[in-house]
1. Being of a type in the set (S, T, N, Q) and without any contact (Cβ under 8 Å) to a residue 40 or more places away in the chain is the filter here; which residues of the stretch 204-240 pass it?
2. Is it the case, given these coordinates, that residue 181 is within 23 Å of residue 108 (Cβ to Cβ), in a helix (DSSP H, G or I) and in contact (Cβ under 8 Å) with a residue 60 or more places away in the chain?
3. Please find, within the stretch 152-173, the residue that is surrounded by the fewest Cβ atoms within 10 Å (Cβ to Cβ) out of those that are of a type outside the set (Gly, Ala, Ser) and either assigned to a loop (DSSP other than H, G, I, E, B) or not assigned by TED's automatic domain parsing to the domain that holds residue 190 (or both).
4. Inside the stretch 100-116, can you point out the residues that are over 16 Å from residue 85 (Cβ atoms) and at pLDDT 95 or above?
5. I'd like the full set of residues that are of a type in the set (Ser, Thr, Tyr) and assigned to a helix (DSSP H, G or I), limited to the stretch 85-134.
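The values are calculated or read from the model by the stated rules, or taken from the named source; none is laboratory data. Quantities reported herein were computed from a predicted structural model and do not represent experimental measurements. Heads up, the Cβs are rebuilt from the backbone with ideal geometry, glycines too, and the neighbour counts pull from every protein chain shown.
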Amino acid sequence: MGTHREGSIPRAMRAAVTAAVEFGIARAGAVAVRALDHDVIGQDHHPRGTAGRVAAWEMAHRPSNRQRSAWVVALLDVRPADQVLEAGFGPGLAVADLVRAGAGHVYGFDHSEVMLRQASRRNAAAIRDGRVTLMLAPVDQLPPALDGPFDAIFAINSLGLWPAPAQRLAELRRRLAPGGRIAIAFQPRCAGATADTTRSTAREIEDLLRSAGYAKPRVETLNLDPPVACVLAANPGPFA
């Protein structure tokens, strides 16, 4: 009765302890990699190699990233027939959220092979079921398979990495159905970022969307530290 055996520990408790240990090890590994490998600089922009895999794991398990992805997906308010495209899917958190939200089909592209592998593993069941299609591609060289039309297009913390973002936004608008919606979310990660940083960036994104022909932009804010801004707008009609 008083003997403690491994089997007597509740399974949920063992799982929680294991997860905590694994997270601690991964965090320590990330610190070590950042200290020893100069190539890790820029890994959040284009994860690659061993350092990239560590950075990608960290991105996928950072609580604020998970909260941010779920929030943006909720703002999209997807319907069962919606065809949705994510520009820069990263570790695939938002793709998984969209599948759970009931989107008809989720497409995505990313320029990192590391992220493609991680996102594909995370969404393997949905890919097998024909509900998710993920591709390796840079935003300025999208394949014909991503011509759309899509009911919604979104990007989370990737717009700042795009070459000529106004042009890229205009190209994405060509892939939106009339009345389709776009959501561009951004959480500043620079040193010293504040709520003012978020607000000023949101205004810049609004201006970019207007210049690319989108209508009725509005800003939603998630109260993290620093805050997340999501600028939503609509495609008013056929591309002129």
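1. Selection gives 221, 223.
2. The answer is no for residue 181.
3. That would be 163.
4. 100, 102
5. Correct list: 120 only.
Residues checked against (1) under 14 Å from the mean Cα position of the chain (by Cα); (2) more than 17 Å from residue 175 (Cα to Cα); (3) of a type in the set (Phe, Trp, Tyr):
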position	(1), (2), (3)
95	yes, yes, no
99	yes, yes, no
106	yes, no, no
113	no, yes, no
119	yes, yes, no
141	no, no, no
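For every residue, the table says whether it meets (1) surrounded by 15 or more Cβ atoms within 10 Å (Cβ to Cβ); (2) farther than 23 Å from residue 141 by Cα; (3) outside the structural domain of residue 142 (by TED's automatic domain parsing).
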{"site": "182", "(1), (2), (3)": "yes, no, no"}
{"site": "193", "(1), (2), (3)": "yes, yes, no"}
{"site": "196", "(1), (2), (3)": "no, yes, no"}
{"site": "202", "(1), (2), (3)": "yes, yes, no"}
{"site": "209", "(1), (2), (3)": "yes, no, no"}
{"site": "229", "(1), (2), (3)": "yes, yes, no"}
